[in-house]
Amino acid sequence: MSEIDFRDAVIDAGDGALLERAMVAEMAELYDGFDISSEGMPKAGPQEMNPPSGRFLVGYEDDRPICCGGIKRLDDESCEIKRMYVVPDARGRGVAKALLRALEDRARAAGYLYTKLDTGPRQAGAQRLYESVGYAPTENFNGNPVAVFFGAKRL
């Protein structure tokens, strides 16, 4: 894997928006048309993911956007990692792990002590990644009716 350059971005413009839309489309395909932004799902739009309340990153490899993800404030001590996505041809090379580390670094720099995340039943690889870097099972902290794994980690 070449060096990934993680840059601050926004979820609703530029490369951040393009990658986030690709992630939403992939989730709709994976979950038979389900819209992860529908009523009852945890919010992860511009208000939650863009500054000042959140952070959104895009990772570039040779100036090509290959991944994205963000952090959403939960309370003064904890945040949630949301909208992680790696383009298909960059998968299997450690990009997701590098992205997760970059998001944790941003969360730590923002003063958070804990980070949380979730994943659905058809994303076993995501759950394996999260557990491999220290996310321990926790309660359903965000009311996500679809997720089967909720993880928490002290930063």
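No lab work stands behind these numbers, since they all come straight from the coordinates. Computed from a predicted model, the values in this text were never measured in an experiment. Because the Cβ atoms are built from the backbone with ideal geometry, glycine has one as well, and the counts that use them run over all protein chains shown.
Within region 53-70, identify whether any single residue is among the charged types (D, E, K, R), surrounded by 21 or more Cβ atoms within 10 Å (Cβ to Cβ) and either closer than 25 Å to Leu18 by Cβ or touching a strand residue (DSSP E or B) at 6+ places or on another chain (Cβ under 8 Å) (or both), and answer yes or no. Steps first, answer last, please.
Initially, region 53-70 is screened for residues among the charged types (D, E, K, R), giving 55, 61-64.
Next cut, surrounded by 21 or more Cβ atoms within 10 Å (Cβ to Cβ) only: 55.
If we keep only those that are either closer than 25 Å to Leu18 by Cβ or touching a strand residue (DSSP E or B) at 6+ places or on another chain (Cβ under 8 Å) (or both) as well, we get 55.
Checked against the condition, which is being among the charged types (D, E, K, R), surrounded by 21 or more Cβ atoms within 10 Å (Cβ to Cβ) and either closer than 25 Å to Leu18 by Cβ or touching a strand residue (DSSP E or B) at 6+ places or on another chain (Cβ under 8 Å) (or both), region 53-70 yields at least one hit.
Check region 17-24 and report whether any residue there is farther than 17 Å from Asn144 by Cβ, buried (at least 18 other Cβ atoms within 10 Å of the Cβ) and either among the charged types (D, E, K, R) or without any contact (Cβ under 8 Å) to a residue 40 or more places away in the chain (or both).
Step one: filter region 17-24 for residues farther than 17 Å from Asn144 by Cβ, giving 17-22.
Now drop any that are not buried (at least 18 other Cβ atoms within 10 Å of the Cβ), which leaves 19-20.
Still in the running and either among the charged types (D, E, K, R) or without any contact (Cβ under 8 Å) to a residue 40 or more places away in the chain (or both): 20.
The answer is yes; a qualifying residue exists.
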Show the residue pairs meeting these rules: Cβ distance below 6 Å; 6+ apart or different chains; first residue within region 128-148 and at positive phi; second residue surrounded by 13 or more Cβ atoms within 10 Å (Cβ to Cβ). Gly134/Lys153
Could you count how many residues in region 77-122 are of a type in the set (D, E, K, R), under 20 Å from Gln47 (Cα atoms) and surrounded by fewer than 16 Cβ atoms within 10 Å (Cβ to Cβ)? 1
